[in-house]
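**Q** One structure coming up, written as structure tokens, with questions to follow.
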Amino acid sequence: SISLKGKTFVIMGVANKRSIAWGIARSLDQSGANLIFTYAGERFEKSVRDLVATLDGTHELILPCDVTNDEAVAECFTAIKEQVGTIHGLAHCIAFAKGEELSGDFSDTSRDGFLLAHNISAYSLTSIAKNAKPLMAEGGSIVALTYIGGERVMPNYNVMGVAKASLEMSVRYLAADLGRHGIRVNAISSGPIRTLSSKGVSDFNSILHEIEEKAPLRRNTTPEEVGDTAAFLFSDMSRGITGETIHVDSGFHIL
Ligand code: 0WD
């Protein structure tokens, strides 16, 4: 596997052991990286700490970071700066939409629901990039997670698809801004994976089924596959890549 020894990465969005962020954490841990974890709120702290204790490396910095709160985000990165100084990258694995907006007609989306989904799932990347930039003095790599529903209409994904389109375009604008500072910004478009968040998408099982039947590789995406691609994007092997969306989806996006 790729070596990330001596490098430090922030992983945002571990909720439990099924989280895609946890797949990324395991790949980076195996590559010898130092990891810092942030979680959404108190109710995740214990499960994140228990999970992190199972990794091979010792990763002691585990902090709250509610991305809807500017002060909380600033505080989080100030704490990271004080305790480690420099980071080499960051994984943004954060999204949220109200359950009732993930079924039925997109045209029924409420103003509240629209703004909430965009606030947590898209704007957060810009806010985090701004706060993380001063810590990436040696250059860095930012990776965000997206889904094909941001490019094409997928059943029930609705407002989250519109938020993912915003996230993917944010990746490109941020890549344009931060490139001259040696910071790369890319997205991984993951195939559907059963997690706490995806449970909220109505009829998610039939989506998984369709992938198994139709995707070129005839199987569903695993968190490990996303994790290994993230490790590549965090490594020097990908040094020429920025502003890109890499599909890790068994090839489904070509259909
Ligand atoms: O099929 C899937 N699962 C796919 C997920 C396919 C393609 C992309 N993705 C994306 C998601 O949209 C998201 O961006 O991957 C990312 C990670 O999602 P996940 O691993 O599927 O879901 P989960 O394990 O639930 O982690 C998402 C986490 C939250 O968990 P909850 O259960 O609270 O929604 O996002 C975090 C939180 O940890 N999160 C927040 N973090 C900070 N501040 C906030 C917040 N306000 N809200 C949610």
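The values are calculated or read from the model by the stated rules, or taken from the named source; none is laboratory data. What you see is a predicted model; the values in this text were computed from it and never measured. Virtual Cβ from ideal backbone geometry, glycine too; neighbours counted across all protein chains shown. Surface accessibility is based on the protein's heavy atoms, side chains included, excluding ligands, DNA and RNA. Shrake-Rupley method; radii C 1.70, N 1.55, O 1.52, S 1.80 Å.
**Q** Rolling a 1.4 angstrom probe over the protein heavy atoms, how many square angstrom per residue are accessible across the chain?
**A** Values: 11960 Å² over 255 residues.
Normalised by residue count, the accessible surface of the chain is 47 Å².
**Q** As a quick test, which of the pairs K130/K214; K7/K214; K7/K46 have an alpha carbon distance above 29 angstrom in this structure?
**A** Details: K130/K214 40 Å; K7/K214 39 Å; K7/K46 25 Å.
Long pairs (Cα-Cα over 29 Å): K130/K214; K7/K214.
**Q** I'd like the projected area of the chain, averaged over all directions, using the convex hull of its alpha carbons. Report it in nm² with one decimal.
**A** Projected over every direction and averaged, the Cα hull of the chain covers 12.8 nm².
**Q** How about K5: which aspartates and glutamates have a C-alpha closer than 17 Å to its C-alpha, ignoring those fewer than 8 places off in the same chain?
**A** Qualifying aspartates and glutamates at Cα under 17 Å: D29, D56, E60, E138, D228, D236.
**Q** If we sort 104-115, 141-152 on the protection proxy, mean other Cβ atoms within 10 Å, highest first, what's the order?
**A** So the peptides 104-115, 141-152, ranked by packing, come out 141-152, 104-115.
**Q** Additional query: Ranked highest first by average number of other Cβ atoms within 10 Å, how do 24-37, 169-182 line up? Please report the intermediate quantities before stating the final value.
**A** Working: 24-37: 22.9, 169-182: 16.1.
Highest mean packing first, the order is 24-37, 169-182.
**Q** In Å and on Cα atoms, what radius of gyration and Dmax does the range 107-255 show?
**A** 15.9, 46
**Q** Report in % the part of the accessible area of the range 8-249 that belongs to carbon and sulfur, leaving out ligands and nucleic acids; probe 1.4 Å.
**A** Result for the range 8-249: 50 percent of the exposed heavy-atom area is carbon or sulfur.
**Q** With a cut-off of 8 Å between alpha carbons and a minimum separation of six or more residues, what is the relative contact order of the range 8-249 in percent? Write out the running numbers ahead of the final one.
**A** Details: 455 pairs, mean separation 53.4, N = 242.
The value is 22 percent.
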